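Presented below is the structure to which this report refers.
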Amino acid sequence: MHFSFWEKTGFALLMAAWVTWGSNQIGDMLVHAEELSENAYKIEVADSGGGSAGAADKEPEKSAIELLASATSERGEKVFKKCAACHSIEKGGPDKVGPHLWNVLGREKGSVAGFAYSDTLAGMTTPWDYETMDKFLESPRNFVSGTKMTFAGLRKASDRAAVILYLREHSDNPPPLP
Ligand code: HEC
């Protein structure tokens, strides 16, 4: 069978039109699919963002400072077992891997004479108060970059509140509770 030039051209144009239309359709489908998956993804992000973000967890949860009022030193004593390998707490106690912690609340940061602090902590001149102690114990590394205290931190605000109360009670002159 022989096609004339015009027949061939017409056929080619038809094919081209069909291919263009077809790819548009496919393109639409793809774009559509993309939109769908994008939506699904965004919703998922919003969900997991809300679920796992610290802000959402913390909103209903009280801060360690707020929890101080209901904390007990018995619980603090238990939590302090995590610290006792490196810190003494009793009056006149020795420095161990870490400095002794008698009187630590209200004491200037990094100020125990003869203890080899990290440069960062040694350079801090303000006293330990409830807020800075809370931040330090939550993540020593974040609060004092380059700290020698190789302790991951206490994640639970209630643990920090209990141990801060315990530290406070081991002092000649406990600072007033906030
Ligand atoms: C593995 C040993 C280790 C553990 C466990 C540890 N610390 Fe420390 N801690 C250190 C060292 C070392 C330093 C000195 C940090 C520096 O110089 O940067 C320090 C410093 C401190 C300071 C600052 C004291 C000052 O004189 O400024 C406080 C407060 C403190 N630790 C409390 C705690 C508490 C509370 C715990 C338990 C929840 C704990 N630490 C667990 C080793 C430890």
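With respect to the conditions (1) away from the ligand (no atom under 11 Å from the Cβ); (2) in a helix (DSSP H, G or I); (3) of a type outside the set (S, T, N, Q), TYR166 falls short on a single one, namely (1). Residues that are more than 9 Å from the ligand (Cβ to nearest atom) and touching a residue at least 60 places away in the same chain (Cβ under 8 Å) within segment 90-104 comprise GLU90, LYS91, TRP102, ASN103, listed in sequence order. When segment 79-101 is limited to residues that are farther than 14 Å from LYS148 by Cα and within 24 Å of the chain's Cα centre (by Cα), the one that is surrounded by the fewest Cβ atoms within 10 Å (Cβ to Cβ) turns out to be LYS81. Can you find a residue that is more than 8 Å from the ligand (Cβ to nearest atom) and closer than 22 Å to LYS81 by Cα anywhere in segment 110-130? Checked against the condition, which is being more than 8 Å from the ligand (Cβ to nearest atom) and closer than 22 Å to LYS81 by Cα, segment 110-130 yields at least one hit. If you go through segment 134-156 and pick out every residue that is in a helix (DSSP H, G or I) and closer than 14 Å to GLY76 by Cα, you end up with 2.
Per-residue answers, yes or no, for (1) assigned by TED's automatic domain parsing to the domain that holds SER73; (2) within 22 Å of GLU77 (Cβ to Cβ); (3) buried (at least 21 other Cβ atoms within 10 Å of the Cβ):
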residue	(1), (2), (3)
GLY106	yes, yes, no
ALA116	yes, no, no
ASP119	yes, no, no
ALA122	yes, no, no
SER158	yes, yes, no
LEU165	yes, yes, yes
PRO174	no, yes, no
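Among the residues making up segment 133-158, those that are within 8 Å of the ligand (Cβ to nearest atom), at negative phi and in contact with a helix residue (DSSP H, G or I) (Cβ under 7 Å, 6 or more places away or on another chain) are MET133, PHE136, LEU137, VAL144, THR147, MET149, PHE151, LEU154.
The values are calculated or read from the model by the stated rules, or taken from the named source; none is laboratory data. Predicted, not measured: the structure shown is a model, and the values here were computed from it. Note that we place each Cβ from the backbone using ideal geometry, even for glycine, and neighbour counts take in every protein chain shown.
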